[in-house]
Amino acid sequence: MQSFFKQVVLSVSALFGLLAFGAMSAGAVTATQTSSVSAYFGELIGIITGDWQKYGGLFTYLQGNEYFMYVFLGIITIIPVIFALHLAIVGAKHFDHGGNQILFFPLFARIIHFIAAASFSALTITGLLIVTGHFFGGGPFIRLARYIHIFAAITATPAVLCMLIIWFKDMLPALCDIKWIFILGGYLSKKKVPIPAKKFNAGQKMWYWCAIPGGLLMLATGYIIWGFGAQLDYVRIAVMVHNVLGMIIVAFFLTHCYMSIFAIAGSLESMKTGYKPEEEVHILHSLHKYKPSDIKPAKHH
Ligand code: HEM
């Protein structure tokens, strides 16, 4: 209970910091808002591509030839195909859910994770719609996607900050991660042998260090693009960073969804109940040390 309140206090203070940040952003936008949304983006694109000095040329080349869009479309097609092949050839890992259960994700972590999961899902879908907007003829549908994108960014921010705080220590690199990377966490084999990993394995740590600092950088560049109060080249750099980092995060996000929904059968339960089967912990997190109070004994019928 004490750690729950500690986490709440830490995160609520982060939350207030963010609300102040959000209020400032809203203020910045109303100050710069032009007459209509289309005039606003017309002005933004005009400014970004108008001046060919410095980053204008590179941006116009990448954006003008729709390279950002093609790479995004490539990512959301190739990655699911690779995982569909993995599921068909190697298959999911199955563990006994009838035995003892180990507490892995306390209530607060699950609440925060749910907010992040919902926000990122909305950000990914609306981000892809914005990038492919002209296929949908732009207009009110894409404008709605932009508003949802901004709203989801604001809701994602406190969740990302809380995740940074509550999992920071467990996500720090460890020697066993090197061995995990060499065997790709045992996911290319059907055998169930103990895998060198503590609470989080190297793959989960890669996702964390991509989604959390990367997520904060996406928020910062998104703020510059949205408020476009910054200098011209900063807006151009922000747009390019937002696109390229967006590609990396979407690729990792799809991987995270595959690993947590398909690769380990029943893994989604751990984010609903907070508990993982003891067998799964002993195999996939064989170096994880847990307290006796974390064990929920098996129900004997
Ligand atoms: C629809 C989207 C998502 C689903 C279904 C999902 C599901 C899950 C599940 C089931 C776990 C427990 C995995 C395990 O330990 O075996 C998990 C862990 C985790 N999730 Fe998510 N998640 C989603 C989105 C996100 C997002 C957007 C973030 C970050 C911003 C995130 C960050 C994490 C982290 C850091 C962990 C712990 C380490 C890991 O398993 O990767 N998740 N998620």
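The values are calculated or read from the model by the stated rules, or taken from the named source; none is laboratory data. These numbers were taken from a predicted model, which means no experiment stands behind them. In this analysis, Cβ positions are derived from the backbone assuming ideal geometry, glycine residues included, and neighbour counts consider all displayed protein chains. Accessible surface areas use protein heavy atoms only, side chains included; no ligands, DNA or RNA. Shrake-Rupley method; radii C 1.70, N 1.55, O 1.52, S 1.80 Å.
Extension gain for TYR147 to LEU232 (0.36 nm times residue separation, less C-alpha to C-alpha distance): 28.3 nm. Taking the 1.4 Å solvent-accessible surface of region 51-296 as the whole, the part contributed by carbon and sulfur is 74%. Applied to region 183-190, the Karplus parametrisation 6.51 cos²θ - 1.76 cosθ + 1.60 on θ = phi - 60° returns per-residue 3J(HN,Hα) values of 9, 6, x, x, 7, 9, 10, 8 Hz, with x for Gly and Pro. 3J(HN,Hα) along region 252-260, derived from phi through the Karplus expression 6.51 cos²θ - 1.76 cosθ + 1.60 where θ = phi - 60°, amounts to 5, 4, 4, 5, 4, 5, 5, 4, 8 Hz, with x in place of Gly and Pro. Using the 1.4 Å probe convention, the accessible area of region 98-182 works out to 51 Å² per residue with neighbouring protein chains retained. Available extension along the chain between LEU268 and SER189 is 26.3 nm, counting 0.36 nm per residue and deducting the alpha carbon span. Separation of region 148-180 and region 184-232, taken as the distance between their Cα centroids, equals 7 angstrom. In this calculation the C-beta distance from ALA84 to ILE125 is compared with R0 = 25 Å, giving a FRET efficiency of 0.80. Whole-Hz Karplus values for region 208-214 come out as 4, 6, 8, 6, 7, x, x Hz, taken residue by residue from phi with 6.51 cos²θ - 1.76 cosθ + 1.60 and θ = phi - 60°; glycine and proline positions read x.
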